[in-house]
Amino acid sequence: MTGMSSPARARTLVTGSAIMSLGNSITVPFLAIYLRTELHVSISTVGLLLGCAILFAIIGGFLGGALSDSIGRRPVMVAAILVVIASFAGLAIGGDVVTAFVCTATLTTASSSFSPVAKVLLSDLVAPADRPRWFSYQYLAINAGYAIGPLLGTAVGLTGDRTSFVVAAGIYALYLPVVVMVAAPARTAPADGNTGPGMVPMPQGWCTALRRTVLALVTDRRLAWLLIAAILLETVHNKISVLLAQHFAGSAANSAYLLGAVMTTNAVAVIGLQTVLARHMSRFDPLRAMTAGGVLTFAGMAGFAVSAQLWHYVAAMVVFTLGEVLIVPSEFTLLDRIAPADLRGGYFGAQTLSQLGGFTGPYFGSLILSAYGGTAMFLAIGSLALVSVVIYVFVGRQVPTPSPVAAGTPRGETS
């Protein structure tokens, strides 16, 4: 394993993304059930516990990314996995709401700190021109894990009981030695000037790295605008199931059936479309892909607004999902291109601010739905995707493209 090439490391890292999302998906979706049935936590308290997850995710992503620029990718990733294992163990043996809150907080924070660092490590391992394709593979792997996990968990009886946390901890424990080897420091720095996998990018303390990342948020207008655009898109994408559920609940007698069919369409379409597009993502200009994705996202939301039958919603969801699969890898490609070599972890960590959209979407969507109805809600929230397109077109002119030399640099160094 110590002689593993960078492409082999990249493949292993992508496979690991699927394994980890599998571990998460057999537990996290059923966490509310666990809290209600096992610990007898009130509905309002469950909402508070799970609602705070967005805050912890943002904190974890920001700190994990910044720390990886200071102490290297591997220490952050290993520490995050150890905390996740301990958090799952705590949920398995805990018996009170305080323990559940602490473990949920540490689980979310650690998972979110791992995610951006894994993306930066992936971009460390492959040439700049290949990164859109590999970001797409990673996104596909994560979605595949989340699609299979709940079905697998339900099939084997892991639906909100303590055993599911033990199984999840075991999955992470098995993946831990793989991360240790995949993220091992490289012997040589990459030829394109970026830091190698697991290497300390520059001799700076963690306070310095964190301060420089915060300063970049204030001074780098490209980063600030890209984050605003990402928040707008997450407002549309992140909790689309919530918007649809509320709309169906007030307009259809068979709301549960409609929601299940439409969200199943989303899961199948994400995997199917991503499988087809992933190998071709490197051929697409990320700015054009983002523009097309934003327009398709709005078109999907407009489709929901005028839908009257199940097949209308299914067709709209396919369009909506196509926009999603074009946006995600392109979004990280643009971020990768503007990030300084010694702050790439911090830039990717800052991107977790986009998860604010997981709150703003359901909140503002609910207000619009209650005041003006479902058609207005879908059109109003969907229009945010068009605003993001304008931002991407404006900022895209300031994003550098890989040089022909860097783009063709092989990444076969060993460690």
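Does residue 91 fit the bill of being without any contact (Cβ under 8 Å) to a residue 60 or more places away in the chain and part of a helix (DSSP H, G or I)?
Numbers: without any contact (Cβ under 8 Å) to a residue 60 or more places away in the chain: no; part of a helix (DSSP H, G or I): yes.
So residue 91 does not fit the description; no.
May I ask you to list the residues in segment 205-220 that are assigned to a helix (DSSP H, G or I) and either surrounded by 15 or more Cβ atoms within 10 Å (Cβ to Cβ) or touching a residue at least 24 places away in the same chain (Cβ under 8 Å) (or both)?
Of everything in segment 205-220, those that are assigned to a helix (DSSP H, G or I) and either surrounded by 15 or more Cβ atoms within 10 Å (Cβ to Cβ) or touching a residue at least 24 places away in the same chain (Cβ under 8 Å) (or both) turn out to be 206, 208, 209, 210, 212, 213, 216, 217.
Are there any helices (runs of 4 or more DSSP H) wholly within segment 1-83 with 1 or more residues that are more than 30 Å from residue 212 (Cβ to Cβ), and if so which? Give the derivation first.
Values: elements: 6-25, 31-37, 43-51, 53-71.
Those helices (runs of 4 or more DSSP H) span 6-25, 31-37, 43-51.
Check residue 272 against each of (1) within 18 Å of residue 136 (Cβ to Cβ); (2) crowded, with 19+ Cβ neighbours inside 10 Å and name the one condition it does not meet.
(2)
Which one is farthest from residue 283 (Cα to Cα) among residues in segment 103-126 that are touching a Gly at 6+ places or on another chain (Cβ under 7 Å) and of a type in the set (A, V, I, L, M, F, W, C)?
That would be 103.
Scan 299, 224, 253 and give me the residue that is out of contact with any strand residue (DSSP E or B) (no Cβ under 9 Å at 6 or more places or on another chain), without any contact (Cβ under 8 Å) to a residue 40 or more places away in the chain and not in a helix (DSSP H, G or I).
Details: 299 fails: not in a helix (DSSP H, G or I); 224 fails: not in a helix (DSSP H, G or I).
The unique qualifying residue is 253.
Residue check: is residue 255 surrounded by 15 or more Cβ atoms within 10 Å (Cβ to Cβ), among the polar types (S, T, N, Q), under 26 Å from residue 151 (Cα atoms) and more than 20 Å from the chain's Cα centre (by Cα)?
Numbers: surrounded by 15 or more Cβ atoms within 10 Å (Cβ to Cβ): yes; among the polar types (S, T, N, Q): yes; under 26 Å from residue 151 (Cα atoms): yes; more than 20 Å from the chain's Cα centre (by Cα): yes.
Criteria met by residue 255.
Is it fair to say residue 90 is within 30 Å of residue 346 (Cβ to Cβ), surrounded by 21 or more Cβ atoms within 10 Å (Cβ to Cβ) and out of contact with any strand residue (DSSP E or B) (no Cβ under 9 Å at 6 or more places or on another chain)?
Values: within 30 Å of residue 346 (Cβ to Cβ): yes; surrounded by 21 or more Cβ atoms within 10 Å (Cβ to Cβ): no; out of contact with any strand residue (DSSP E or B) (no Cβ under 9 Å at 6 or more places or on another chain): yes.
Answer is no for this residue.
Output the residue which, of all residues in segment 329-375 that are free of Cβ contacts under 8 Å to residues at least 24 places away in the same chain and either aromatic (Phe, Trp, Tyr) or assigned to a helix (DSSP H, G or I) (or both), is nearest to residue 283 (Cα to Cα).
That would be 363.
Bear in mind these aren't lab numbers, they're just calculated from the coordinates by the rules spelled out. Quantities reported herein were computed from a predicted structural model and do not represent experimental measurements. Backbone-built Cβ (ideal geometry, glycine too); neighbour counts: all protein chains shown.
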